[in-house]
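The values are calculated or read from the model by the stated rules, or taken from the named source; none is laboratory data. Values in this document were obtained by computation on a predicted structure and should not be read as measured data. Neighbour counts run over all protein chains shown; Cβ positions are idealised from the backbone, glycine included. All accessible areas refer to the heavy atoms of the entire protein, side chains included, with ligands and DNA or RNA removed. Shrake-Rupley method; radii C 1.70, N 1.55, O 1.52, S 1.80 Å.
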Amino acid sequence: MRYLLLTVFLCGVFSWTCNAKGRPTVVSAEIYGYQGDKVHFDFLEKDGINMEFPYKDGQLMEFTVDLDDITTLKLNTFIEVFLQPGDSIHLKVTYKGRSYDKVEFSGTPAAVAVNTKVYEKEMLQRERRYKTNIPAMLVTQVDAKKFHEATVQELKDEKAILDKVKGEITPEMYNMVLSSIEGTLLTNLITYPYASAEVHKKKLEDCMTADYWSVLKEYKLRNDKASLRNRAYMCMLSPYKDYVREREARAAGKEYKAPTSIEEQYKDLAAFYEGALRDTALFVFLYDAVAANKDFDMVEKLVKDYLKKYNKEKEYKKILNQVMQ
């Protein structure tokens, strides 16, 4: 599990272009008290539609985009909005200093319902001063055991917030947002003890709670398209595999040694997962290997193997072919 932060960091890099045209989606916003010069609307799962406006207090900013699936919009980096084709969403944002203080939503009922709850869970994190960024936690020396307990509670509470609107939104939207929550929180739950032990020169066992190896015993990964569309969830698959591998080794009284070479890691992922989960896990792994400038000849060999044996998602194939050129 020594890759720790690499996969999570690199997963913020890739994006893909969708070809199918969806119904027009209308986005508008008015912002008050912002200290920046420009307002940025960045769409994570679709290239070429990001928007930028010069900032003017209270000015109405409005535009239309074509989406073909659920898409994550980041307003000024930190305000997260989930949209489906045909949605209409208006944000009224108030800043206090450098941080946003309040966000109000209006528009399509389902879009308002889900994004109000996404905002609510963000406010819960802020109220609790819960950090989702591992490097920030390491710098501030957040205690690993206390963080584990806080993360377990955060996961429970954020899911409960989302569940309040489960009947008002599509199953696909529910799974996409749930994956956003789990992808972030479960990755931190799994990896932070290792990061904390390594950086702060502590024994690993001193950074683990008694239930570290049992807390996810009943957890079941989802393999539907919406769940696997979320970046954080896609990136969680590699650390989750190592977590389960080590848990099984410990239960058998053995020492777990994670594969170190690119080829061994690839083969282990392929053996651990099946179907859509394997397709996604291998895609992320190979994309990360290219982005990290690892052994190109070996990566090229593995990409060919993946495309021949395991690839089902056409967009994954398209992206890998592009980055390998």
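Anything over 25 Å Cα to Cα? Flag those among Lys38/Lys294; Lys267/Lys314; Lys217/Lys309; Lys117/Lys225; Lys131/Lys317, in the order listed. The partial results should precede the final answer.
Details: Lys38/Lys294 37 Å; Lys267/Lys314 21 Å; Lys217/Lys309 30 Å; Lys117/Lys225 22 Å; Lys131/Lys317 35 Å.
Over 25 Å apart, Cα to Cα: Lys38/Lys294; Lys217/Lys309; Lys131/Lys317.
Tell me the label-point distance for the pair Arg247, Met123, using the 7 Å Cα-to-Cβ offset, in nm and rounded to one decimal.
3.4
Roughly how many percent of the accessible protein surface of the chain is carbon and sulfur, given a 1.4 Å probe and a whole-percent answer? Let's see the in-between values first.
Numbers: 8090 of 16240 Å².
The C+S portion of the solvent-accessible surface of the chain is 50 percent.
Could you tell me which label, among (i) 143; (ii) 158; (iii) 186, carries the value of volume of the Cα convex hull per residue in Å³ calculated for this structure?
Computed from these coordinates, volume of the Cα convex hull per residue in Å³ corresponds to label (i).
Once label points are set 7 Å from the Cα along Cα→Cβ at both Met51 and Lys38, what is their separation, rounded to one decimal in nm?
1.6
Could you let me know the centre-to-centre spacing of segment 235-263 and segment 106-153, using Cα atoms, in angstrom?
Taking the Cα centre of segment 106-153 as reference, the centre of segment 235-263 is 27 Å away.
Rank-order 79-86, 135-142, 302-309, 234-241 by packing density, defined as the average count of other C-beta atoms within 10 Å over each peptide's residues, highest first. Let's see the in-between values first.
Details: 79-86: 19.9, 135-142: 13.4, 302-309: 16.0, 234-241: 23.9.
Result, highest mean first: 234-241, 79-86, 302-309, 135-142.
Using a simple charge model, +1 on the beta-carbon of Lys and Arg, -1 on the beta-carbon of Asp and Glu, nothing else, what dipole does the chain show about its Cα centre, in debye to the nearest 20? Present the calculation step by step, with values, prior to reporting the outcome.
Values: 49 positive and 49 negative charges, 111 e Å.
Value, rounded to 20: 540 debye.
For the chain, calculate the relative contact order in percent as a whole number, restricting contacts to Cα pairs under 8 Å that are 6 or more residues apart.
Across the chain, relative contact order equals 15 percent.
Of the peptides 31-43, 164-176, how do they stack up when ordered by the mean number of other Cβ atoms within 10 Å, highest first?
My ranking of the peptides, most packed first, is 164-176, 31-43.
Filter Lys156/Lys241; Lys102/Lys202; Lys166/Lys318 down to the pairs with a C-alpha to C-alpha distance above 31 Å, please.
Details: Lys156/Lys241 22 Å; Lys102/Lys202 40 Å; Lys166/Lys318 34 Å.
From Lys156/Lys241; Lys102/Lys202; Lys166/Lys318, over 31 Å: Lys102/Lys202; Lys166/Lys318.
Give me the number: length gained by fully extending Lys201 to Gln141, i.e. 0.36 nm times residue separation minus the C-alpha to C-alpha distance, one decimal in nm.
Numbers: separation 60, 0.36 × 60 = 21.60 nm, distance 1.18 nm.
Once the chain is fully extended between Lys201 and Gln141, it gains 20.4 nm.
Taking only the alpha-carbon atoms of segment 175-242, what semi-axes of the equivalent ellipsoid follow from 5 times the gyration tensor eigenvalues under a square root, in whole Å, largest first? Show your work: numbers first, answer last.
Working: eigenvalues 130, 32, 14 Å².
Result for segment 175-242: semi-axes of 26, 13, 8 Å.
Which of the aspartates and glutamates could a cross-linker bridge to Lys312, judged by Cα under 14 Å and excluding same-chain residues fewer than eight apart?
Partners found: Asp224, Glu274, Asp279.
Suppose all protein chains stay in the model; what accessible area per residue would a 1.4 Å probe give for the chain, in Å²? Can you show the working numbers first?
Details: 16240 Å² over 325 residues.
So the chain comes to 50 Å² accessible per residue, rounded to a whole number.
Counting just the Cα atoms, what span does segment 58-158 cover along each of its three principal axes? Round to the nearest Å and put the largest first.
45, 30, 20
Using the beta-carbon distance between Asp68 and Lys294 and R0 = 35 Å, what value does 1/(1 + (r/R0)^6) give for FRET efficiency, to the nearest 0.05? Please report the intermediate quantities before stating the final value.
Details: r = 32 Å, r/R0 = 0.92.
The formula returns an efficiency of 0.60 here.
Relative to 2.2 N^0.38 Å, what does the C-alpha radius of gyration of segment 259-309 come to as a ratio? Two decimals please.
Values: Rg = 10.0 Å, N = 51, 2.2 N^0.38 = 9.8 Å.
After normalising by residue count via 2.2 N^0.38 Å, the value is 1.02.
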